[in-house]
Every structure is written in structure tokens, then in C-alpha cells.
1. Quick one: grab Rg to one decimal and Dmax as a whole number for the range 93-210, Cα atoms only, in Å.
2. If you put +1 on each Lys and Arg Cβ and -1 on each Asp and Glu Cβ, how big is the dipole of the chain around its Cα centre, in Debye rounded to 20?
3. Given Val136, Ser254, Ile104, which one lies farthest toward the positive end of the charge dipole of the chain, if we put +1 on the Cβ of every Lys and Arg and -1 on the Cβ of every Asp and Glu?
4. Projecting each Cα onto the charge dipole of the range 87-200 (Lys/Arg +1, Asp/Glu -1 at the beta carbon, about the Cα centre), which of Leu113, Pro166, Ala125 comes out farthest on the positive side?
5. Using the alpha-carbon centroid of each, what span in Å lies between the range 36-66 and the range 216-259?
6. Quick one: how many lysine pairs in the chain have C-alpha atoms under 27 angstrom apart, if they're 8 or more apart or on different chains?
7. If each residue's Cβ is checked for other Cβ atoms within 10 Å, how do Thr276, Thr121 rank with the fewest at the top?
8. Once the other residues with Cβ under 15 Å from the Cβ of Ala28 are scored (Lys, Arg +1; Asp, Glu -1), what is the net sum?
Amino acid sequence: MVFVTDNDNAPASEGPVIIDYESFSVLAALRAHQLLRLARLLSTEHSHTILTRPLAADLLSHAIQVEEFLDAYGARNNRLWSRFRSLTATIKLFADISYKLLHIQHSLPSYQLPTLKRDFTEATAQTLAFTYDILVRASSHILSKAAHLNLPTPADDLNKECYREPLPPGRLPHDRAMRQVSSTAESVTHMATAYLNLASESQLLHIVEWVKPRQYPSCFPDPLSEDKLRYLQLRFHSLQALYDTHVAETEIESLDTDLPTLRGYISIVFHLLEITTQLIHHYERHLNAK
């Protein structure tokens, strides 16, 4: 016996609807307008001091939105639009990394870290100059690609003064009561031990000091891989969360000046691992394709 349903009489399913390039370009011009304005601002400035947290955050936000729009229409697999999508992803990546580096740079004084073996402050500034240079070049390339795709060049330039970040010295009064957490002492002991163990597990990161830059590609995926770095990143993030939940703003923290220093080390390592994981992901997925 054969049962016939309405589905048996339905026409064969059709393939995906294809949008014409002209209609898509109109949509893309609207969605990418603010990103292209930011790219124009970066490409016309000649000082890395313009790279502030407000600018990096705005750049990141609009790059995310444009990338999601492009992905929704399959730009990654389209010969005409894939390059524009790739440049958008590059801007997103390095805007995010720049924001994290700026966060570290501004937070260093509050971390109360002793003098490091190497000048970490100077190294952070040098790395920011490097990421700024990448953003400038990516901005110039995306503007050229936009012109090639007949996207209108934004005529309404942004005012760089809108992205200044004046930060007068001073802090608000610390006048809240101390938090009462019963497990603070146990958490401190666990955290210190876990930090030392993680420091030992992180020895693989020192490979950058043992090899020359031209040998970096040989480090992936062994001993360095996105999977290994993401594991370490999550472990340090857990330590940071443990501190903030059980130690921060307690009486024990106020009495032991070494604890905020430990929190500073954990936070810096965590953010650097975030950045490293992002870069290795980008390399493994986009630059190391066979």
C-alpha cells in the first residue's frame, strides 16, 4: 500500500535565491558607510596617537556588523566580494587586539607590578604602533577595494577630536564597605598554587625567544596551536574570575598588598593569551591554508 501526501505533489525545492550585484552593492554601501568613514580617517592620519579606545571600539563594532552582513549573503565564497570581506575581518581582528592592548596600557599603573625584566610598558607601546600600522594599511586597502566595487567614498569625514580620550588624574572615593566572603583564605591558597602550575604549563610560549622570526611558521601547530593557547587562556580566565569572586574588595585583599599584584599578573597574562589565541586562529585558518 502506498500513502500519498501533499508533500509528494509539491514541486521540487528550488536552489537559493541569487541577489544581483547592483542590488547587493546598494545594501553594502549603506551597511559599510560608517566603517569606510573610519577607514578614511585612519588612512589620512599619520600619528598612532589617534588610536584610542573610543576609536578602536567604534572600528571593532562596525567591522563586526559589516562582516556579519557580508557572511549572511555568502561574500566569503564570492570571487568579487571575498577580498572586501577578508579586509573587513582583518580590521575587526586588529581593532579588537588594539583595544585589548590599550586596556593593558591604561591598566598597568593600577596593577602595581614590580619592575619587569624587560620594559613591558615600552613593549606594549611598540606593539600598539605595529597594530596601528596594520589598521592603516588595511584601511587603505579596503577603501581601494570599495572603489573597485563601486561603493561610494564617504564624503562626510569624521572629526578625529571625537575620538580623543582625555583622562585627568584622580579616582572616586573608595567608600563602600568591604565584602564579606567566607572562603577568601582558601581561595588565595588555591589561586597562588594554580598560578604557579599554569606558569609552568606556559613554558611553551617562550619558544618565541628561541627561534628567529623567519622560523615562526615552523612553530605551528606544534608546539603552538589555537587549541593549546585557548586551553591556557580559559585557565587564566578562571583564575581571574576566582579572584574577583572570592578575593576582590575583601579585608584580606586590603591587608596583603601582594594580592592586587597577583591579580595584575593574572589579568595581563590572560589578555595576552586572548590576543595570541586570536592571532594563531587567524594564521591557522586564513594564512596557513594548504
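1. 21.7, 64
2. Magnitude of the dipole: close to 900 debye.
3. The Cα lying farthest towards the positive end belongs to Val136.
4. Most positive-ward Cα: Leu113.
5. Distance between centres, Cα-based: 29 Å.
6. 16
7. Details: Thr276 19, Thr121 14.
Listing Thr276, Thr121 from fewest to most nearby Cβ atoms yields Thr121, Thr276.
8. +1
Bear in mind these aren't lab numbers, they're just calculated from the coordinates by the rules spelled out. Everything quoted here is computed from the prediction, not taken from an experiment. Ideal geometry is used to build each Cβ from the backbone, glycine not excepted, and the neighbour counts take in all protein chains shown.
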